[in-house]
Amino acid sequence: MANLIVSTVCPMRCSFCFAGEQRAKTGRGSATYLSLEEFDRRLAFLDRSGIGEVRLIGGEPTLHPRFPELIGRARGRRIVVFTNGLIPERALACLESLPESECTVLVNMNATRQPDGPGAAETRHRSAVVHRLGGRAKLGFTIFRVDFDLDPLFELVAESGAQRGIRLGLAQPILGGGNEYLHPKQYPAVGRRIVDFAKRGAPAGISLELDCGFVPCMFSDADIEILSSAGTDLGWRCNPVLDVGLDGTVSHCFPLAGSVDTRLTSDLGAAELRSRLAASTHPYRLAGIYRRCSRCPLKQRGECTGGCLAATMRRFRHRTIRVAVPRSATGTRQENAQT
Amino acid sequence: MSRRGWSVYTVGETVRWVVDDDRVIIVDGAVPAAHVLQGREALIWRVLTSSRDFRKLAEFLEVAADLTEPAAEQELRAVLGRWTQLGIASCATGGPDG
């Protein structure tokens with residue numbers, strides 16, 4: 001898997017956005033859209049990596065002025081587009097022309113320009129897009145607060161014919177800070193809410209899919225049974241995603257962009273790049289998001305990665321420490337006190 | 001008491017650490033490598049990050065580990081020496097008699 005950034009432009013101002021490193025490059029003399037020539041090189045990278053899926057991200061990838069041409073060049077592979085859902089007509093028509101079996105459009109349902117969450121106009125526009133995309137649409141939701149609500153997504157899936165799996169992501173922190181994120185101490189409360197929604201979605205055949213950074217200890221054993229019975233796609237993952245930027249920088253993931261990067265070359269494949277990124281962060285994997293992670297048997301067995309690596313790395317501290325040690329002292333404190 | 005020179009131990013600029021329930025995990029980003037301190041060594045590290053006075057550290061260790069003063073100082077020197085060998089700290093010697 002590898003995500004190709006094709007645009008750094010996005011009109012949304014989601015408080016939880018962790019693409020700040022990419023968006024910061026916009027308008028500072030850097031390209032904002034990937035050229036077709038560079039896109040072809042990205043496709044060659046996917047081919048030599050044995051990856052049959054083209055995943056387009058941004059910014060907002062559908063804002064690319066030559067989006068239909070990008071799609072045309074990607075045909076023959078499975079296409080996944082990550083979008084805020086407010087897709088321009090030309091790009092939307094292009095996606096509608098793709099067979100449902102070849103295309104998934106992952107729509108972030110809580111992307112917004114508004115500080116208080118999606119407004120009515122955004123919601124209507126996004127809903128209309130999902131209706132048009134039908135079975136190509138998969139709804140996604142970023143959990144950045146404990147009191148989140150998935151009921152509107154259940155309704156939209158039922159009405160629109162969108163895919164019946166809803167992808168849930170936890171808002172993760174950018175390593176250097178700057179976005180709103182869910183603190184790990186809030187995870188158990190979020191876990192209980194996820195279980196409630198899983199139970200409510202199951203009768204309608206709607207299941208939940210957990211993206212990276214979830215940990216089993218945010219659920220009780222009984223809750224995990226319920227989630228499994230409800231068809232939840234459970235995973236306790238955190239791996240190098242490979243986000244390939246416009247300038248050929250390859251980041252471990254968005255939260256670590258600018259901190260854990262490597263470069264796209266003309267010969268290395270995804271596996272080699274992933275190895276490089278994993279090697280540079282491997283020492284931090286001894287820890288996890290909680291103080292207890294390093295002694296957790298699930299982590300030691302490799303069944304859990306310990307949560308988001310960016311959240312883990314944020315726990316590490318540094319301070320300059322100097323200790324002056326007498327190389328040889330004559331006499332103990334008691335003896336010296338007597339002299 | 002007279003001192004004959006001193007050594008200054010410095011934790012490296014690329015060193016980061018996190019305190020977990022029963023250990024301290026130290027990562028040297030320059031290598032990169034991780035080291036796990038447990039037990040008394042972890043305790044010494046934790047105290048070191050808030051107090052860098054050798055005498056105070058030794059006094060703390062005397063009480064915490066029920067050691068004599070010479071034993072506490074010896075243990076501290078040994079631990080600092082081990083950390084230097086691991087690359088977590090560096091050691092500079094010098095200073096006049098005084």
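The values are calculated or read from the model by the stated rules, or taken from the named source; none is laboratory data. Only a predicted model underlies this, so the values are computations on that prediction, with no experimental measurement involved. So basically every Cβ, Gly included, is an ideal-geometry build from the backbone, and we count neighbours across all protein chains shown. Remember, those area values only see protein heavy atoms, side chains included, never the ligands or the DNA or RNA. Shrake-Rupley method; radii C 1.70, N 1.55, O 1.52, S 1.80 Å.
Points to keep in mind about this one:
- Members of region B:15-56 that are modelled with pLDDT under 90, more than 7 Å from chain A (Cβ to nearest Cβ) and more than 25 Å from B:A71 (Cβ to Cβ): B:G29, B:A30, B:V31
- Every residue from region A:44-61 that is closer than 20 Å to A:V9 by Cβ and either in a strand (DSSP E or B) or not small (G, A, S) (or both): A:V54, A:R55, A:L56, A:I57, A:E60, A:P61
- A:A257 vs. criteria within 21 Å of A:F18 (Cβ to Cβ), hydrophobic (A, V, I, L, M, F, W, C), within 8 Å of chain B (Cβ to nearest Cβ) and in contact with a helix residue (DSSP H, G or I) (Cβ under 7 Å, 6 or more places away or on another chain): no
- Condition check for A:L264: closer than 26 Å to A:K138 by Cα and either in contact with a helix residue (DSSP H, G or I) (Cβ under 9 Å, 6 or more places away or on another chain) or of a type in the set (K, R) (or both): no
- Checked against (1) closer than 23 Å to A:A2 by Cα; (2) open to solvent by 30 Å² or more (accessible area, probe 1.4 Å), A:R301 passes all but a single condition, namely (1).
- Region A:281-305, subset outside any loop (DSSP other than H, G, I, E, B) and of a type in the set (S, T, Y), residue nearest to B:R16 (Cα to Cα): A:Y284
- Total residues in region A:105-133, condition in contact with an Asp or Glu (Cβ under 9 Å, 6 or more places away or on another chain) and either modelled with pLDDT under 95 or open to solvent by 10 Å² or more (accessible area, probe 1.4 Å) (or both): 7
- B:A72 small (G, A, S), buried (at least 20 other Cβ atoms within 10 Å of the Cβ) and within 9 Å of another protein chain (Cβ to nearest Cβ): no
- Of the residues making up region A:276-288, none is away from chain B (no Cβ under 14 Å), surrounded by 13 or more Cβ atoms within 10 Å (Cβ to Cβ) and in contact with a strand residue (DSSP E or B) (Cβ under 9 Å, 6 or more places away or on another chain).
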